[in-house]
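What follows is a single structure, written as structure tokens, with notes after it.
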Amino acid sequence: MAFTGYAFVLFFFGIVLPARWLLPSRATSTVLLVASVVFYLSWGWKLAILLAALTLFTYGAGHLLRTRKEGRKAILTGSIVVILGTLATFKYAAFFASFVPGLHVAQLPLPLGISFYVFEMVSYVVDVYRGDRGAKSLPEFALYVSYFPHLIAGPIVRASELMPQLREEKRFDSARVSEGMFIMLTGFVKKMVIADNLSIFADAVFKKPETYNSIELAVGVVAYTGQIFCDFSGYTDIARGGSQMLGFDLPENFDYPYLSKSITEFWRRWHMTLSRWLRDYLYIPLGGNRGSELATYRNLFITMTLGGLWHGARITFVIWGAYHGILLALHKLFSGATRSEGWKKAREHVAYKAFALMSTLVLVMIGWVFFRAQTFGDAIAIFKRIYVARPEASWKPSAVLDTTGWYLAALVALHVAGASKLGLESQRVLPAAARGVMWAGMVLVLYWFATTSPTFIYFYF
């Protein structure tokens with residue numbers, strides 16, 4: 001039951017939303033927990049067994065950490081080993097076994113959303129160990145983990161962000177519901193209109209790069225750059241908007257990252273909940289920037305490399321993560337060497353900002369080639385054809401390329417509108433209820449123009 005499917009929009013959410021607000025407030029947690037279980041069961045009952053087992057285990061570990069005075073470190077270590085070990089078994093066992101001569105391990109089916117809810121479980125036990133109150137009951141913890149808007153592909157939510165909201169008694173607010181509908185609409189547009197159409201050309205280029213010339217390959221890389229942003233941030237918008245309509249705020253995950261003027265700024269704007277998780281539960285425990293400069297660069301490299309591996313059991317993900325780790329270290333080195341007043345003034349010039357923005361975007365797109373390519377050889381082949389090969393003299397833009405250009409222009413317009421704070425603010429002249437009806441109607445209209453909606457990209461991670 002994907003967010004963009006009729007079953008979710010017209011039936012599932014169309015029942016859960018009124019039930020949440022029409023039933024007594026004391027029934028809210030029960031309604032949402034049942035809805036979340038039904039939502040996950042729609043993908044297969046076997047997946048729910050693993051989620052339930054890990055939920056019970058993590059809640060028990062948190063209870064021990066909260067009530068025991070001795071052996072807490074051993075409990076924390078053991079629980080993290082079990083939780084991450086489960087992820088490693090399903091996601092990485094076959095990958096690492098491939099590096100051992102003569103050893104063959106079958107690849108297990110990857111449980112949907114495991115990469116996200118495992119990270120939330122790790123953050124939970126660590127936060128309880130550090131003094132967080134944790135869940136008051138197993139149902140409360142189960143709802144935190146399985147809450148359907150963020151269950152499959154994030155954002156990665158901490159218990160301290162969601163649980164206090166679940167305990168509050170909330171009243172229906174038409175303005176917040178209307179705003180949530182607008183956020184959902186933005187997500188549907190990103191996914192169904194822009195991402196899915198960009199994927200047509202991007203997927204074709206990465207599937208058979210040898211059949212395209214350098215210009216087509218370059219456009220294909222740009223198309224994937226737009227696709228992955230609109231696909232993932234579109235999912236997040238639908239999740240955040242739907243959750244807001246239900247009365248609960250989820251953290252933002254994207255802040256128009258392609259407007260970044262450095263790779264460090266990019267990671268403050270891209271998949272922000274993952275960046276924050278890696279910082280707080282990996283980078284800082286490794287030592288962060290508390291040691292020498294060399295140690296800081298090492299910590300950045302390790303953090304980003306493991307962050308790349310988190311995305312999938314493929315060497316190209318590891319290379320992508322390591323690539324960004326190197327870029328972050330180089331930018332930190334550059335920032336330290338350019339602290340003079342002259343450099344500060346230079347950074348204020350329009351030309352410098354434009355160059356910084358474009359160069360950052362190019363560096364990010366280079367990384368996306370490794371991220372999207374199935375093998376390292378495919379990535380190198382794409383780079384060679386882009387930078388070495390020349391297009392045929394008779395080459396002319398195709399209809400597919402023309403169409404791709406329009407959707408890339410829409411992506412640019414989205415960033416400009418976001419940076420200019422356009423959107424909901426421009427529609428506040430209408431009553432909240434009228435706005436909500438208008439946004440809902442526009443969501444339904446999208447189905448008339450959308451292509452066949454493929455699975456969200458991050459479902460595979």
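One residue stands out in the range 345-361 among those that are part of a helix (DSSP H, G or I) and loosely packed, with under 12 Cβ neighbours inside 10 Å: the one that is modelled with the lowest pLDDT, namely LYS345.
Please determine, by comparing only the residues of the range 420-435 that are more than 26 Å from the chain's Cα centre (by Cα) and either of a type outside the set (D, E, K, R) or under 18 Å from GLY5 (Cβ atoms) (or both), which one is modelled with the lowest pLDDT.
Keep residues of the range 420-435 that are more than 26 Å from the chain's Cα centre (by Cα), which gives 426-435.
Filter once more, so that each one left must be either of a type outside the set (D, E, K, R) or under 18 Å from GLY5 (Cβ atoms) (or both): 426-427, 429-434.
Working: SER426: 53, GLN427: 58, VAL429: 63, LEU430: 68, PRO431: 73, ALA432: 69, ALA433: 70, ALA434: 75.
The extreme case among them is SER426.
Residue check: ARG130 meets all listed conditions (1) at pLDDT 90 or above; (2) crowded, with 18+ Cβ neighbours inside 10 Å; (3) not small (Gly, Ala, Ser) but one, namely (2). The single residue among THR67, THR58 that is surrounded by fewer than 17 Cβ atoms within 10 Å (Cβ to Cβ), out of contact with any strand residue (DSSP E or B) (no Cβ under 6 Å at 6 or more places or on another chain) and not assigned by TED's automatic domain parsing to the domain that holds ALA239 turns out to be THR67. Among the residues making up the range 338-369, those that are touching a residue at least 24 places away in the same chain (Cβ under 8 Å) and farther than 14 Å from LEU259 by Cα are ILE366, GLY367, TRP368, VAL369. Can you confirm whether LEU357 is closer than 17 Å to TRP267 by Cβ and touching a Lys or Arg at 6+ places or on another chain (Cβ under 8 Å)? The answer is yes for LEU357.
Which fully enclosed helices (runs of 4 or more DSSP H) of the range 85-191 have 1 or more residues being over 19 Å from PHE317 (Cβ atoms)?
Working: elements: 93-97, 114-129, 138-146, 148-151, 159-167, 174-188.
Correct list: 114-129, 138-146, 148-151, 159-167, 174-188.
The criterion of at least 1 residues that are modelled with pLDDT of 95 or more and touching a Gly at 6+ places or on another chain (Cβ under 8 Å) is met by the following helices (runs of 4 or more DSSP H) wholly inside the range 243-317: 272-278, 293-311.
With TRP267, TRP310 as the choices, which residue is in the same structural domain as LEU185 (by TED's automatic domain parsing) and closer than 28 Å to MET358 by Cβ?
Working: TRP310 fails: closer than 28 Å to MET358 by Cβ.
That would be TRP267, the only listed residue that is in the same structural domain as LEU185 (by TED's automatic domain parsing) and closer than 28 Å to MET358 by Cβ.
Within the range 71-82, is there a residue that is of a type in the set (Ser, Thr, Tyr), surrounded by 14 or more Cβ atoms within 10 Å (Cβ to Cβ) and under 30 Å from GLY180 (Cα atoms)? No, because not a single residue in the range 71-82 is of a type in the set (Ser, Thr, Tyr), surrounded by 14 or more Cβ atoms within 10 Å (Cβ to Cβ) and under 30 Å from GLY180 (Cα atoms).
The values are calculated or read from the model by the stated rules, or taken from the named source; none is laboratory data. Not measured: the values here are computed from a predicted model. Ideal geometry is used to build each Cβ from the backbone, glycine not excepted, and the neighbour counts take in all protein chains shown.
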